[in-house]
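**Student:** First the structure, which I've put down as C-alpha cells, then a few questions once you've had a look.
The values are calculated or read from the model by the stated rules, or taken from the named source; none is laboratory data. These numbers come from a predicted model, not from an experiment. Here the Cβ positions follow ideal geometry from the backbone for every residue, glycine too, while neighbour counts run over all protein chains shown.
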Amino acid sequence: MKAGLVTFYHIHHYGALLQAAATERAVESLGWDCEIVDYYVNQDNALFRRPTGLGSAAHDAHTALHYGALSERYRRFEQFSRERLHISARHYRSWDELAAGAPPYDVLLSGSDQIWNPKIFPDGRFDPVFFGTFSQKRRIAYAPSFGIPVIPEGMQTELKGYLEGFSHLSARERQGCAIIADTAGREAAEVLDPTLLLTAEQWAAMANHPADYPAGGYILCYCISAPGALTPYVERLAAETGLPVVQLCGIRRRVHPKARQILDAGPAEFLSLFRNAAYVVTNSFHGTVFSVQFHRPFFTTVSPAELAAPERSRTASILGRLGLTDRVIGTGSTAALDASIDWERVEAALTAARGASFAYLSAALENRLYAPEKQTEQGAASVPRLADRSHCTGCTACAAGCPKNAIRMVRDRTGFDFPEVDLNQCVHCGRCTSICPLLHERGPAHLPAAFAAWNRDAAVRRDSTSGGAFTAIADYVLEGGGVVFGAALDGQQHLRHVACFRKEDLWRLRGAKYVQSDLSGVFREVKEALKTRPVLFTGTPCQVDGLYRYLGGRPENLTTCDLVCHGVPSPGVWEAEARAIEAKKRKQLANVRFRDKVEGWKNSHFTVAYTDGTVDSAPLFATGFGRAFGRALFLRQSCHCCQYTNLNRPGDFTLGDLWGLKPEEFAEQQHEGISLLLVNTPHGSYVFDKLALACRPFPVERAVAGNPRLAGPIAPAADRAAFFASYAVEPFAAVRRRFFKLPSLPVRAAGRLLSPEVKEKIRRKLKR
C-alpha cells in the first residue's frame, strides 16, 4: 500500500524538510510506502533575489558577502532532500496536471506544516491541492496547520467543502481542531508535529557535525525573527556559565556580541548543533522541538498574540502537554536560568503523546474508526479550574472565597500576584471556580449617565488627580457612619487597599496610583464591615467585579466606584523603581504623587517627596517610568484583553478624567481639573442626588472619545515581552537603562511642537 504525501518540502527551511522526512518515516514504520507528491508553489530557493527594492538589495548584498557559506548551505539542503526524502519522479505544476496524471496512490495524506493557511499562497486563497481534491482516492490528514486564529470571512464554506472529503481529520494545534469543529462540525484529533514522532536516536542518525563546528558545550541561539525577549537570556547565560554563544542563523542580526555565526548549516547540521548544545535559546517552534528531542535545557519565546492566547500557539500547545510551559520567556512563571528539567517525566509524557498520535495515524491509514482523547496539560485534572494566567486579573476573589484557605496570592517573575493552590489543603469544593469573574459572563447593563463633575472644596480639588468626585462620594458614606476602602501607598511604596473611617484620612486614597494594589484579605474585611455599616469600595473594574462575585451579589449598604483604567502596572516594577529613585538620591521616599497638579490638571507632574522634606517634580511623561507606563510596557497581561473596557461597568459609579474638552468648555474649571463621572446603577443614581458636587451633564459618546479605555483595551508595547524577560534575569538598574530611557532632545522637542494629526501621519509612514 502506498500513500501520497502533499506537504511543504521544497523550500530550504529546516522545519519544512525535517517534518516532511519525519512524516515519511512515520508512515513507513506502519508498513506503508510513502512518497512526497512533487508539487510546490511560491517557493524560491535562489540565493539571489529578483530586485524589488531596498530589502532585496540588502539581501543580495548579504548573500554576496557570505556567498561561500550560503552556497554550502544550499548544497547541504539539496543533498538532504536527495538522500532523505522520497519524492515522486514527476513534478506537477498545477491542480490540472495532478488531476490528469492520476498519481498511483492508495490514499492521499495532507501532511504537516501550514499547508491549510490561505495567507501563504499568492492569491490569499486555499490551495485545493493540499486538500487532495485532485484525486478520488481516500484522503486523510496528519497534523496540518491553519497558521491563523480564524478563517477569513467568506472562506468558511469553501473550507467546509474541502474538509468533507476526508475520512480522518487531525490538526497540529488546539486552534486548528477548533476551526475544523466550527467549520465542518467534526471532531479532529490533536496530534504531534511529525518531528516529534521520531525518537532522538532516529534523528541523531541523520545528523552531521562538520569538523570545523564547535565540538559541544555551547549556548545555541536559533532565531527566525528579531531576538527580542531572548537577548537578556542569551547574555545572562553567557555571563553566568562562561560558555561560548553559537548562532545558527535564521536572521542576519548578531544576537550576542561574541556569537559565532553559522551560515552554512543544512538540515543534518541543524540536528547536530542542537544535539551538541549545552543550552538552547530560540524563538522557533522546531528549535523548541529539537531541544526537547535531545534533552537540551532551553528557553523559548512566542509572539505577543500567542502569549495572550496560548490556545492558538503550537509552541504553548506542545509544551503544555509535556509540562514545560515554564520554559517560555516573558511569562511570570518562566523558570530560573539554572532550573533543571525532569527529562524522565518529559520523556514519559512525550512517549504517551507519541503513542496516541501513532494510533491516530494507523487508524487513518487503515480506515479504522478513531476517537480522539481529550488532551489536557499535565496536572490540570487535579487543579481547581481558575482563569488562565493570560486573563487572570489578580482580583483575589478566589483566595478570599476559599473556605480552606488553600489559595494564596504569590508574586511571579513579572512582579504581579497570581493565585496558587495548595492541593494538600484543597477539598475541590468548586467555590473558587464559581466566583471567578473571568469564568462567568456578565449580564447587560443600561447606558450610564455621564457628567462633568468637580468638588466644591477647592483644597480637596487641588489635592485630587482630576476633579475630586471620589472625595464627595467618600464624604457621603463617612457621614452616614460608613467606611471607605481604597488604595494607599505605605512607607515602602507598596500599594495596598486600606480602610478609612475619618475624612481626615482620605488624603491617602486620593490621587492616581499607577500600580496594581494589594487586596490580600481586603474582601473579607469588606464583608465583615458590611454587617454593621455602609461601605464604599473603590478600585479597578476587575477588583469591583471580583468583590461582587465574592459577596455573591450587591448588598444594599455597599457603594462601589470603578475607575477608567489604562491598565495596572506591575507592583514589583514600581517597587524596584522606587528603590532606584532612593538609591540615586540617597534618601528615602516619603510620598509619591503620580499625577500632581503643580502646573495644572492638563500638565501632570510626577512628584516625589523625601523624608528630609525635599521634593522633586517633573512632567509625568518626561520621566522614564511615566513614559514606559504611557506606552503600556509593564501592564498586567490581562489588561490587553480586558473585558471591562466598555460601558458595561460593574461599579455604581465610574470615575476618570474628562479628557477631550474643547478650550471653551468649562474654561474656568479646566486648570483645576474636572472629573468624568458615570452613574451606572439605580443605587448610584440615589447616592448621586445627595452628593456635594458641581455637576453638568455630558454626552456619553464624547466621554468615550476622550477616554479610549471605555471602548477597548490598550495594546501591549512591542517590547513588553523583552522588558519582562530582562526584568526576570537582569539587575533592575540595567533594565531601567535599557527600557526607561527617554527619546533624544530633538525628538522630544518635535513631540511638543507637532500636532496630533501630524504625529499620526508620521506613525503611519513609519509602519509601512
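**Student:** Say whether the condition of being out of contact with any strand residue (DSSP E or B) (no Cβ under 8 Å at 6 or more places or on another chain) and more than 22 Å from Ala305 (Cα to Cα) is met by at least one residue in the range 144-155. I'd like the intermediate steps shown before the answer.
**Tutor:** Here is the first cut: in the range 144-155, the ones out of contact with any strand residue (DSSP E or B) (no Cβ under 8 Å at 6 or more places or on another chain) are 147-155.
Applying the additional criterion that residues be more than 22 Å from Ala305 (Cα to Cα) yields 154-155.
Yes - at least one qualifying residue is present in the range 144-155.
**Student:** Can you find a residue in the range 252-259 that is loosely packed, with under 15 Cβ neighbours inside 10 Å and of a type outside the set (Lys, Arg)?
**Tutor:** Yes; the residues of the range 252-259 include at least one that is loosely packed, with under 15 Cβ neighbours inside 10 Å and of a type outside the set (Lys, Arg).
**Student:** Continuing with the same structure: Please verify whether Gly481 is part of a loop (DSSP other than H, G, I, E, B) and within 23 Å of the chain's Cα centre (by Cα), treating the condition exactly as stated. It would help to see each step written out before you state the result.
**Tutor:** Details: part of a loop (DSSP other than H, G, I, E, B): yes; within 23 Å of the chain's Cα centre (by Cα): no.
Answer is no for this residue.
**Student:** Just to be sure before I move on: is Leu661 within 32 Å of the chain's Cα centre (by Cα) and not basic (Lys, Arg) in the structure I sent? Lay out the reasoning, then the answer.
**Tutor:** Numbers: within 32 Å of the chain's Cα centre (by Cα): no; not basic (Lys, Arg): yes.
The answer is no for Leu661.
**Student:** State the number of residues belonging to the range 9-52 that are part of a loop (DSSP other than H, G, I, E, B), at pLDDT below 95 and out of contact with any Pro (no Cβ under 8 Å at 6 or more places or on another chain).
**Tutor:** Narrowing the range 9-52 to residues part of a loop (DSSP other than H, G, I, E, B): 9-13, 30-32, 40-52.
The next check asks that each one be at pLDDT below 95; those that pass are 9-13, 40-52.
Filter once more, so that each one left must be out of contact with any Pro (no Cβ under 8 Å at 6 or more places or on another chain): 9-13, 40, 43-52.
The number of residues fulfilling the criteria is 16.
**Student:** Scan the helices (runs of 4 or more DSSP H) fully inside the range 268-323 and keep the ones with 1 or more residues being touching a Phe, Trp or Tyr at 6+ places or on another chain (Cβ under 9 Å) and crowded, with 22+ Cβ neighbours inside 10 Å. Full working, then the answer.
**Tutor:** Details: elements: 285-293, 304-308, 314-322.
Output list reads 285-293, 314-322.
**Student:** In the range 390-432, which residue that is surrounded by fewer than 19 Cβ atoms within 10 Å (Cβ to Cβ) and of a type in the set (Gly, Ala, Ser) is modelled with the lowest pLDDT?
**Tutor:** Ser390
**Student:** Let me ask you something else. Is there any pair linking a residue in the range 324-347 that is in contact (Cβ under 8 Å) with a residue 60 or more places away in the chain and within 22 Å of Met409 (Cβ to Cβ) to one that is part of a loop (DSSP other than H, G, I, E, B) and not charged (D, E, K, R), with Cβ under 7 Å and at least six apart or on different chains, and which?
**Tutor:** Partner pairs satisfying both residue conditions: Gly330/Ala229; Gly330/Thr301; Gly332/Thr414; Gly332/Phe416.
This table checks each residue for (1) part of a loop (DSSP other than H, G, I, E, B); (2) under 19 Å from Asp652 (Cα atoms); (3) without any contact (Cβ under 8 Å) to a residue 40 or more places away in the chain; (4) in contact with a strand residue (DSSP E or B) (Cβ under 7 Å, 6 or more places away or on another chain).
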{"position": "Gly486", "(1), (2), (3), (4)": "no, yes, no, yes"}
{"position": "Gln492", "(1), (2), (3), (4)": "yes, no, no, no"}
{"position": "Leu506", "(1), (2), (3), (4)": "no, no, yes, yes"}
{"position": "Gly511", "(1), (2), (3), (4)": "yes, no, no, yes"}
{"position": "Val515", "(1), (2), (3), (4)": "yes, no, no, yes"}
{"position": "Arg533", "(1), (2), (3), (4)": "yes, yes, no, yes"}
{"position": "Thr538", "(1), (2), (3), (4)": "no, yes, no, yes"}
{"position": "Cys561", "(1), (2), (3), (4)": "no, yes, no, yes"}
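**Student:** For the range 223-267, how many residues meet the condition of being touching a residue at least 12 places away in the same chain (Cβ under 8 Å) and assigned to a helix (DSSP H, G or I)? So that I can check it myself, show each step before the final result.
**Tutor:** If we filter the range 223-267 for residues that are touching a residue at least 12 places away in the same chain (Cβ under 8 Å), which is where we start, we get 223-238, 240-241, 243-253, 255-256, 258-267.
Now restrict to residues that are assigned to a helix (DSSP H, G or I): 230-238, 240-241, 267.
Of the residues in that region, 12 qualify.
**Student:** Pull out all pairs, ordered by first then second residue, where Cβ-Cβ is under 8 Å, the residues are six or more apart or on different chains, the first lies in the range 149-169 and is part of a loop (DSSP other than H, G, I, E, B), and the second is of a type in the set (S, T, N, Q).
**Tutor:** That search, which allows pairs on different chains as well, returns Pro149/Gln175; Ile151/Thr183; Gly165/Thr133.
**Student:** Let me ask something additional. Mind listing whichever residues of the range 489-502 are within 23 Å of Ala692 (Cβ to Cβ) and surrounded by 14 or more Cβ atoms within 10 Å (Cβ to Cβ)? Before you say what the answer is, go through the steps one by one.
**Tutor:** Within the range 489-502, the subset within 23 Å of Ala692 (Cβ to Cβ) is 499-502.
Passing the criteria: Ala499, Cys500.
**Student:** When the residues of the range 189-206 are narrowed to those that are touching a His at 6+ places or on another chain (Cβ under 9 Å) and not in a helix (DSSP H, G or I), which ends up farthest from Gly111 (Cα to Cα)? Reasoning before the result, please.
**Tutor:** In the first step, residues of the range 189-206 are kept if they are touching a His at 6+ places or on another chain (Cβ under 9 Å); the result is 189, 193, 195, 200.
Checking which are not in a helix (DSSP H, G or I) leaves us with 189, 193.
Values: Ala189: 14, Asp193: 10 Å.
Once the filter is applied, the top-ranked residue is Ala189.
**Student:** Please find, among Phe130, Phe126, Phe146, the residue that is in the same structural domain as Ala21 (by TED's automatic domain parsing), outside any loop (DSSP other than H, G, I, E, B) and of a type in the set (Phe, Trp, Tyr).
**Tutor:** On the way: Phe126 fails: outside any loop (DSSP other than H, G, I, E, B); Phe146 fails: outside any loop (DSSP other than H, G, I, E, B).
Answer to the selection: Phe130.
**Student:** I'm trying to understand the selection: among the residues of the range 531-562, which are out of contact with any helix residue (DSSP H, G or I) (no Cβ under 7 Å at 6 or more places or on another chain) and among the aliphatic types (A, V, I, L, M)?
**Tutor:** Correct list: Val544, Leu558.
**Student:** Are there any strands (runs of 3 or more DSSP E) wholly within the range 584-655 with 2 or more residues that are buried (at least 17 other Cβ atoms within 10 Å of the Cβ) and of a type outside the set (Gly, Ala, Ser), and if so which?
**Tutor:** Result: 589-596, 605-610.
**Student:** Check Arg442 against each of (1) at pLDDT below 95; (2) closer than 30 Å to Ser675 by Cβ; (3) surrounded by 16 or more Cβ atoms within 10 Å (Cβ to Cβ) and name the one condition it does not meet.
**Tutor:** In the conditions (1) at pLDDT below 95; (2) closer than 30 Å to Ser675 by Cβ; (3) surrounded by 16 or more Cβ atoms within 10 Å (Cβ to Cβ), Arg442 misses (3) alone.
**Student:** Looking only at the range 724-740, count every residue that is over 14 Å from Val234 (Cα atoms), in a helix (DSSP H, G or I), hydrophobic (A, V, I, L, M, F, W, C) and touching a helix residue (DSSP H, G or I) at 6+ places or on another chain (Cβ under 8 Å) and tell me the total.
**Tutor:** 5
**Student:** Looking at the range 402-410, can you tell me whether even one residue there is of a type in the set (A, V, I, L, M, F, W, C), assigned to a loop (DSSP other than H, G, I, E, B), outside the structural domain of Ser313 (by TED's automatic domain parsing) and over 21 Å from Arg174 (Cα atoms)? I'd like the intermediate steps shown before the answer.
**Tutor:** Taking the range 402-410 as the starting set, the residues that turn out to be of a type in the set (A, V, I, L, M, F, W, C) are 402, 406-407, 409-410.
With assigned to a loop (DSSP other than H, G, I, E, B) added as a condition, the list becomes 402, 406.
From the residues that got through so far, the ones that are outside the structural domain of Ser313 (by TED's automatic domain parsing) too are 402, 406.
Next, only the ones that are over 21 Å from Arg174 (Cα atoms) stay: 402, 406.
Yes, the range 402-410 has at least one match.
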